[in-house]
Each structure stands twice: as structure tokens, then as C-alpha cells.
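Single-structure report; data block below.
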Amino acid sequence: MTAIARERGQASVELLCTLPLLLVVALVAAQLLAVGYASVLAGNAAEAGALALAGGGDAEAAARAALPGWSRARARVSSAHGEVHVELGPPALLRGLARELEVSASAAVEAP
């Protein structure tokens, strides 16, 4: 048997061995993107709440209205002393990570 014949299929075996690693890397990248997006959403919602507070409106309702539908159930909004605080859980690929990846943002309004 020649050396070429013995190595037949080697590339397929190497590809099959690296596929799980590539899958894990893709999942980690997707999770990091979800956390970044949730952070941006939380910041925007906190700012919308602060603007409503400055205009004499309901800060918590404005912050919730600024969030997309999927994230409203994962958000906790509070306001006190001219500050709006939003905590948001991003979509998590592993349920155990959901609490660990929570992001938060605050926005404040100065008293005139």
C-alpha cells in the first residue's frame, strides 16, 4: 500500500474533528453580540426614561416603550431621585448564563 492510499480520507477526519471547535467559537461570538446589543438597548431605554422624566412624564413607562417586545419581559426598570436605571438580560444560549450576562444602564436628569 502506498503512502497516498494510507492518507486517503485524512482531510475528512481533520474536518470532522475541528467542526465542534468551530461551532463553539461561533456560539461564543453570537453570545457576545447578544450581550452588546442588550447593552445598547438598555442604554437607549434609560435615556428615553430620563428624557420622559425631564418632561414630567412617566420614566418607567417611557423606558419600557423604548425596548423591543422580546426584551420587555427581561427588563427591570426603576427610577428614583432623577435617575432611571435599566437592567436587561440578553438572550442566552445556555440558561445558566442568563443571570451572569445581565447588563445595566443608567441615565440621570439634573434638577433645574
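The values are calculated or read from the model by the stated rules, or taken from the named source; none is laboratory data. This structure is a prediction, so every number in the text was calculated from the model and none was measured. Positions of Cβ are generated from backbone atoms using ideal geometry, with glycine treated the same way; all protein chains shown enter the neighbour counts. Remember, those area values only see protein heavy atoms, side chains included, never the ligands or the DNA or RNA. Shrake-Rupley method; radii C 1.70, N 1.55, O 1.52, S 1.80 Å.
Structure values in brief
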{"quantity": "The range 75-84 - phi-based ³J(HN,Hα) in whole Hz, Karplus 6.51/-1.76/1.60, Gly and Pro as x", "calculated": "9, 10, 10, 9, 9, 6, 6, x, 10, 10"}
{"quantity": "Per-pair calculated FRET efficiency, R0 = 30 Å: Arg99 and Ala11 via Cβ, rounded to 0.05", "calculated": "0.10"}
{"quantity": "Accessible surface, per residue, of the chain when the full set of protein chains is kept, probe 1.4 Å, Å²", "calculated": "68 Å²"}
{"quantity": "FRET efficiency, Val24 to Asp58 (Cβ-Cβ, R0 41 Å, nearest 0.05)", "calculated": "0.40"}
{"quantity": "Within the accessible area of the chain (1.4 Å probe), percent carbon and sulfur", "calculated": "63 percent"}
{"quantity": "Computed lengthening from Leu33 to Glu83, 0.36 nm per intervening residue step minus Cα-Cα distance", "calculated": "15.3 nm"}
{"quantity": "Contact order normalised by residue count of the chain, Cα under 8 Å, 6+ apart, percent", "calculated": "26 percent"}
{"quantity": "The chain: equivalent-ellipsoid semi-axes (sqrt of 5 x gyration tensor eigenvalues, Cα, Å)", "calculated": "50, 11, 9"}
{"quantity": "Residues whose placed amide H lies under 5 Å from that of Leu101, excluding near-sequence neighbours", "calculated": "none"}
{"quantity": "Loop-located GluC sites (Glu not before Pro) in the range 1-88, at most 16 other Cβ atoms within 10 Å (DSSP)", "calculated": "Glu7"}
{"quantity": "Using alpha carbons only: equivalent-ellipsoid semi-axes of the range 61-112, gyration tensor based, whole Å", "calculated": "25, 12, 7"}
{"quantity": "Long-range amide H partners of Arg74 with built H, under 5 Å", "calculated": "none"}
{"quantity": "Rounded to whole Hz, the Karplus (6.51, -1.76, 1.60) HN-Hα couplings of the range 11-19, x for glycine and proline", "calculated": "5, 5, 5, 5, 5, 5, 6, 8, 4"}
